[in-house]
Structures are given as C-alpha cells and as structure tokens.
Amino acid sequence: MKHLFLVFALFAFAKAYAQGPPITADKPIMLGGGSFTAKTLTEIRNTERASAVYVPIMLHYLPTSNSLFAVHIPYLHYDFENGTSGSTLADIKVLGKYQFYRKDATGKTFRVVAKTFQSIPTGEKLDLIGLSTGFYEGYYGIVSGYETLKYGISTEVGYNWSPEATVDEFRTKVGVGLPLLKPQYPNKQINLYFEYTSSLFTERDWYQLLYAQGIQYAGKNITFDLAVQLPLIQNMDITRELNYSIFLGTRYTF
C-alpha cells in the first residue's frame with residue numbers, strides 16, 4: 001500500500017504542475033521535450049501618457065525537458081494623450097531558458113532556470129517600456145520555483161540591458177499560486193495568482209512596484225488567464241505612471 005500511495009501521489013503531482021505558469025511572472029517548470037506551446041497574453045495598458053493594446057503571438061518549443069526556445073511576434077495599437085495613435089509591429093522577442101537544477105520529492109519539486117530575453121528593435125521608437133522602444137534590449141535572469149499540491153511559489157531576479165536606450169532595469173518578481181480544486185485526471189484546475197513586480201530603472205532613477213491579481217483555468221492542455229495589475233509604489237515621471245494593466249491570455253500545448 002505504501003508503494004501504491006507513492007506512485008499515486010507522484011502521478012497526481014505530475015498532473016498538478018502541468019497547469020499553466022503564472023500570468024505576469026514566470027516559473028521554471030517545463031513540459032516534456034519535443035513539445036510545442038502556442039500562446040498569447042494580451043496586455044491592455046493605461047498610463048498618464050498613453051493607452052496601448054499589446055497582442056503577442058508566441059510559439060514555445062522544448063527541444064529537451066530542461067530547455068526552451070521561443071519567439072514572440074507582437075502587434076501593438078497605441079493612443080497617446082497628444083493625439084498620436086497608430087497600429088504597428090512591436091519589438092520581436094526571442095526567449096531562451098535552461099533548467100540547471102531540479103530536486104523532486106513526493107508531492108513537491110524545486111527547480112531553477114537561467115533565462116534570457118532578447119528584444120529585436122522591429123518596433124517604432126515609442127518609448128513604451130516592455131512593448132516598443134525601437135532599440136535592442138537583452139534581459140538576463142534566474143527563475144526559481146517551489147511547488148506542492150497545495151501551492152506554488154516562484155521568484156525571478158534579472159537585469160535588462162540596452163546599450164542605446166535608457167531603459168536599463170533591475171527587475172525582481174515574486175508570485176504565489178493557489179490551486180482551488182483537488183488534483184485530478186484529466187487535469188482540471190482553477191488557480192489564483194498573487195504576483196509582485198519590482199522595477200528599478202537605473203539610468204532614469206525611476207522605481208515602480210506593481211501588484212497583479214490573477215485567475216486561471218487550466219484544462220488538460222489548454223489554459224485561460226485573466227489578471228489586473230495595479231501600482232503600489234511609483235517614484236517616476238508622473239506622465240509615465242501606470243494607472244492599470246489588464247491581461248487576457250490563453251495557451252495550447254501539443
């Protein structure tokens with residue numbers, strides 16, 4: 001019976017962490033090698049300077065169970081307070097992740113990945129940070145995650161570097177996920193996410209602390225996401241302050 005319980009617990013947990021990742025944060029858990037994920041995460045951002053709708057089409061591929069390569073091709077519609085508006089291709093992003101540490105136990109796991117996000121300056125020079133700057137940017141970070149059947153915790157620490165634009169940023173993220181349903185097969189889960197993003201823009205001497213409250217439905221191989229992000233602290237140019245962001249997302253794994 002002890003061995004039967006162990007097998008059952010590991011099987012249930014394998015299905016539990018197959019649910020979707022955090023919404024505005026990230027986590028190091030990956031699916032099996034050779035899998036693809038098509039996804040999008042639309043952001044509706046409203047600031048004192050402009051409103052923007054950012055719609056990225058993302059394709060993620062896992063060559064192995066501990067590596068990931070992805071391309072994000074984003075559409076952007078913007079509307080500035082000065083009357084300027086338009087629709088355009090934003091900065092294309094290329095993502096790479098490598099999981100270099102993993103420790104599993106019954107009903108829990110801890111993993112760490114190295115992550116890089118390369119922004120290709122295909123977008124207009126709109127100075128919409130994270131959306132379209134029109135300058136090359138390279139992000140380098142470490143993502144860690146601890147998950148059990150009852151909750152998950154993820155952290156991220158990294159630096160975004162741009163040799164031409166003044167958008168260098170020291171970034172940290174913390175996310176907590178709480179599944180509301182018991183593990184089951186086929187996988188079906190409703191998750192609540194509580195996510196914090198801290199951004200220090202070193203060249204502009206700006207600081208911003210954001211909080212996102214999210215909910216996610218995760219089925220067998222598809223997820224649907226909804227989150228609202230609000231500012232907690234903003235020490236920056238008043239015209240750049242965030243009023244709110246709304247995130248709407250879905251992903252399908254095959």
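The values are calculated or read from the model by the stated rules, or taken from the named source; none is laboratory data. Owing to the predicted nature of the structure, the values given are computational and were not obtained by experimental measurement. Glycine gets a Cβ as well: all are built from the backbone with ideal geometry, and neighbour counts include every protein chain shown. SASA here: full protein model, heavy atoms, side chains in, ligands and nucleic acids out. Shrake-Rupley method; radii C 1.70, N 1.55, O 1.52, S 1.80 Å.
A few remarks follow.
- Odd one out for Y54 among (1) touching a His at 6+ places or on another chain (Cβ under 9 Å); (2) surrounded by fewer than 20 Cβ atoms within 10 Å (Cβ to Cβ); (3) within 19 Å of T250 (Cβ to Cβ): (2)
- Residue identified as open to solvent by 70 Å² or more (accessible area, probe 1.4 Å) and within 18 Å of the chain's Cα centre (by Cα) among Y159, Y193: Y159
- Top-ranked residue in segment 170-187 [being within 15 Å of the chain's Cα centre (by Cα) and farther than 27 Å from T202 by Cβ; ranked as most open to solvent (accessible area, probe 1.4 Å)]: V176
- For V167: the one exception among (1) within 18 Å of the chain's Cα centre (by Cα); (2) surrounded by 18 or more Cβ atoms within 10 Å (Cβ to Cβ): (1)
- Qualifying positions in segment 137-155 - assigned to a strand (DSSP E or B), of a type in the set (A, V, I, L, M) and open to solvent by 20 Å² or more (accessible area, probe 1.4 Å): I142, I153
- Conditions (1) farther than 30 Å from Y185 by Cα; (2) surrounded by 14 or more Cβ atoms within 10 Å (Cβ to Cβ); number of the one not met by S67: (1)
- Annotation note: Cβ proximity below 9 Å between a residue of segment 179-191 that is under 16 Å from I222 (Cβ atoms) and a residue that is among the hydroxyl-bearing types (S, T, Y) and surrounded by fewer than 18 Cβ atoms within 10 Å (Cβ to Cβ) (sequence gap 6+ or interchain) occurs for K188/Y217; Q189/Y217; I190/Y217; N191/Y217.
- Check on Q208, within 14 Å of I23 (Cα to Cα), of a type in the set (S, T, N, Q) and open to solvent by less than 60 Å² (accessible area, probe 1.4 Å): no
- The residue that is farthest from S245 (Cα to Cα), counting only those in segment 133-147 that are in contact with a Gly (Cβ under 9 Å, 6 or more places away or on another chain) and touching a residue at least 60 places away in the same chain (Cβ under 8 Å), is E147.
- Within segment 59-134, strands (runs of 3 or more DSSP E) holding 1 or more residues that are within 30 Å of K150 (Cα to Cα) and over 20 Å from the mean Cα position of the chain (by Cα): 92-105, 108-120
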